[in-house]
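This report refers to the structure that appears directly beneath it.
The values are calculated or read from the model by the stated rules, or taken from the named source; none is laboratory data. Just so we're clear, the structure is a prediction, and the values are computed from it rather than from any experiment. So basically every Cβ, Gly included, is an ideal-geometry build from the backbone, and we count neighbours across all protein chains shown.
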Amino acid sequence: MREYLKGKGRGFGYVLGSFFGAVTPFCSCSSVPLFIGFTTARIPLGITMAFLITSPIINEVAVVLLWGLLGWKVTLLYVASGLAAGMLGGLLMDALHAERWLQPYLWEEMKRPAMQMLTMRAERRRIPLEYRHSFALGETRTIFRRVWKWVFLGVALGAGLHGFVPQEWFAENLGNGRWWSVPLAVAAGIPLYTNVTGIVPVMESLLMKGLPVGTTLAFCMSTVAASLPELLMLKQVMRIPLLALFASFLLVLFTLLGWLFNALPFGL
């Protein structure tokens, strides 16, 4: 991918990263290993972040479900918003030179000379397959030990929301006429852990209960774009300033999108 991007504009890279994220079926946590791979391959951070943001928001199954349940208007809004979020996020990260806030080992990897990278790849190709499998198993165990409790906590929070918080509460407290309802919905959604396929029925139900389209989209996008397990995993590759920038960007962008869509004069 790095060789393919060479000589092309950075804007093309943001588009490519976002569309690649849209067609890959990863949730917020499973996108992290690819993020590490892109970074160590010295692909610019902005393009990598475009993928990381878009990948959990959009996939083909979600598009089909959304189209069947909610119609083409909401589906196109959702897809366009997800792609725009990735591209804008990539642009922001590059503008702020956010790669300096990666963990030191990744930052050093990105600064390695090209010839040194080629030499390391040649050495890796000589590693026996049995060792690769053993190394992968060890990495899996290490990651599992770090994140399992946070995965359970995130799922528990999501279950509490789905099972014990009445949908009427959302409609009454996050309805029209309250400007703060959109940022509150986004702030409530970011810590929760679910994937885009699982959030579609919730989205339909909230809309049927009277929650505005913008508030619903903002809540659901924030729920699938970030989560406590993902942020914990990203802590292994990002320092606190970059994590804070990532979460703040999602909060601000999804809030603006929610306000915009609530103001649009269309019906479902």
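Please tell me if G68 is free of Cβ contacts under 8 Å to residues at least 12 places away in the same chain and in a helix (DSSP H, G or I). When the stated conditions are applied, G68 passes them. Taking the criterion of being at pLDDT below 70 and part of a helix (DSSP H, G or I), the residues of region 93-138 that qualify are A114, M115, Q116, M117, L118, T119, M120, R121, A122, E123, R124, R125. Taken over region 213-263, residues that are outside any helix (DSSP H, G or I) and in contact (Cβ under 8 Å) with a residue 24 or more places away in the chain amount to 6. Determine whether A187 is farther than 28 Å from R100 by Cα and either in a helix (DSSP H, G or I) or of a type in the set (D, E) (or both). Against the criterion (farther than 28 Å from R100 by Cα and either in a helix (DSSP H, G or I) or of a type in the set (D, E) (or both)), A187 does not qualify.
Given the condition out of contact with any Asp or Glu (no Cβ under 8 Å at 6 or more places or on another chain) and either small (G, A, S) or surrounded by fewer than 18 Cβ atoms within 10 Å (Cβ to Cβ) (or both), answer yes or no: does some residue in region 48-55 qualify? Taking every residue of region 48-55 in turn, at least one turns out to be out of contact with any Asp or Glu (no Cβ under 8 Å at 6 or more places or on another chain) and either small (G, A, S) or surrounded by fewer than 18 Cβ atoms within 10 Å (Cβ to Cβ) (or both). Here N59 meets the list (1) over 23 Å from L260 (Cβ atoms); (2) at pLDDT 85 or above; (3) out of contact with any Leu (no Cβ under 8 Å at 6 or more places or on another chain) almost entirely, failing just condition (2). Residue pairs whose Cβ atoms lie under 7 Å apart, separated by 6 or more positions or on different chains, with the first residue in region 1-15 and surrounded by 12 or more Cβ atoms within 10 Å (Cβ to Cβ) and the second in a helix (DSSP H, G or I) and at pLDDT below 80, are G13/L5. Residues in region 50-65 that are in a helix (DSSP H, G or I), under 17 Å from G21 (Cβ atoms) and either in contact (Cβ under 8 Å) with a residue 24 or more places away in the chain or among the small types (G, A, S) (or both): A50, F51, L52, I53, T54, S55, P56, I57, E60, V61, A62.
Looking at the structure I just gave you, is A226 surrounded by 24 or more Cβ atoms within 10 Å (Cβ to Cβ) and either hydroxyl-bearing (S, T, Y) or at pLDDT below 85 (or both)? The answer is yes for A226.
Step by step: first the residues of region 1-40, then only those that are more than 30 Å from L192 (Cα to Cα) and not in a helix (DSSP H, G or I), then the one that is modelled with the lowest pLDDT. Which residue is that? By that ranking, first place goes to K6.
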